[in-house]
1. If packing is taken as the mean number of other Cβ atoms within 10 Å per residue, what is the order of 296-303, 283-290, highest first?
2. May I ask which residue of Phe243, Leu267, Ile192 lies farthest towards the positive end of the charge dipole of the range 158-304, with charges of +1 (Lys, Arg) and -1 (Asp, Glu) on Cβ and the Cα centre as origin?
3. Determine, for each peptide in 218-230, 23-35, 132-144, the mean count of other beta carbons within 10 angstrom over its residues, then list the peptides with the highest first.
4. Among rounded, prolate and oblate, which fits the range 244-307 when a ≥ b ≥ c are the square roots of the eigenvalues of its C-alpha gyration tensor, a/c under 1.5 means rounded, and a/b larger than b/c means prolate?
5. Check cross-link reach from Lys234 to the lysines: straight Cα distance under 23 Å, and skip same-chain residues fewer than eight apart.
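Since every read-out is calculated from the coordinates, none of them should be taken as a lab result. Since the model is a prediction, treat every value here as computed from it, not as a measurement. In this analysis, Cβ positions are derived from the backbone assuming ideal geometry, glycine residues included, and neighbour counts consider all displayed protein chains.
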Amino acid sequence: MQLFSINKEDYIEMKAAITKEDYNNLKELEAVCSKENINLKLELGYKLSQLPLTAEVQALTEKEPRSTCMKEYIYYSQGRPVSYLGICNFGGNVYELNGMTHPDFRNKGIFRRLYDHAFAECRLANKNSLLLLADGNSDSGNGFIKSVGGVLSFSEYRMELLAGEYAARDKGLNNGTSQVVLVEAQPEDINILQQCDKIFFGDEENEGEESENIYSIDHTYLIKKDDIMMGKIKIDFYEDAGFIYGFGVLPDYRGFGYGKAAIGEALKEIFSRGIEKAALDVAAANDRALYIYTGNGFKEVSVMRYYEVKVM
């Protein structure tokens, strides 16, 4: 951890990972910022959940544990956090940056200080470019990104399905037995899961220095039919939401309804735990995925914009 003193009352704390105390403080700040009806996508729950993998998994991968979360920057004023910026890397040669600033502390150059530290860190890591995220409704976020040279790269929808809507929809359907089942992934499945990610998300996900990242199988499920693996899906479970991601069906099995059935099984897993909603993010240009999600009752609630900033 490093501290950067600004004045007698303000300082910046830089660390490799957030603590439980950081999580609680940042969730309070997020609640204030979210009153503006924006999706921040800070991944705080995910970051807090990153724990060392078991010795069994480490032995199979023959690599040391390493978090996908690179750096966390928190700006404190009079002992309380008023601005936050986090760097994440989920594969490839691009870092994602996202953050927030308390409405009372905007237009003071605070977030720019955090950004300058983060930009320098990314340059030292020899990254080609950064992706800066902002909700479509966030005038301050989009304005800041454009001020540092961000160019719109793509957009994605945050989609949600509430428990009550799911119950009403499920009651009205009579699909009988599902076409597929979800089977929890085991350590011996890591290689095939990594191969799936190459197919679904591009070869860059597991190439270069980022291939050193440990592959987490927590809450990862194999999509199967008659013991044939057709794809994979991940679900993170939080108190108020089950978040679906890392989902894909292998090319040979697309077009037969297995993707829609897999999402249906994921929803059963989420709502059987008493969770109040299911959520996911999907690229606005991904028509196939949008068809699957809307077919399961998901509705768009916000749009996240991804801006590219060149580093090198």
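1. On the way: 296-303: 17.1, 283-290: 13.6.
Descending mean neighbour count gives 296-303, 283-290.
2. Looking along the dipole axis, the top candidate is Leu267.
3. Values: 218-230: 17.0, 23-35: 14.7, 132-144: 19.2.
Packing order, densest peptide first, comes out as 132-144, 218-230, 23-35.
4. On the way: a/c = 1.92, a/b = 1.02, b/c = 1.89.
Oblate is the answer for the range 244-307, as a/c is 1.5 or above yet b/c matches or exceeds a/b.
5. Lys41, Lys47, Lys63, Lys198, Lys224, Lys225, Lys260, Lys268, Lys277, Lys299
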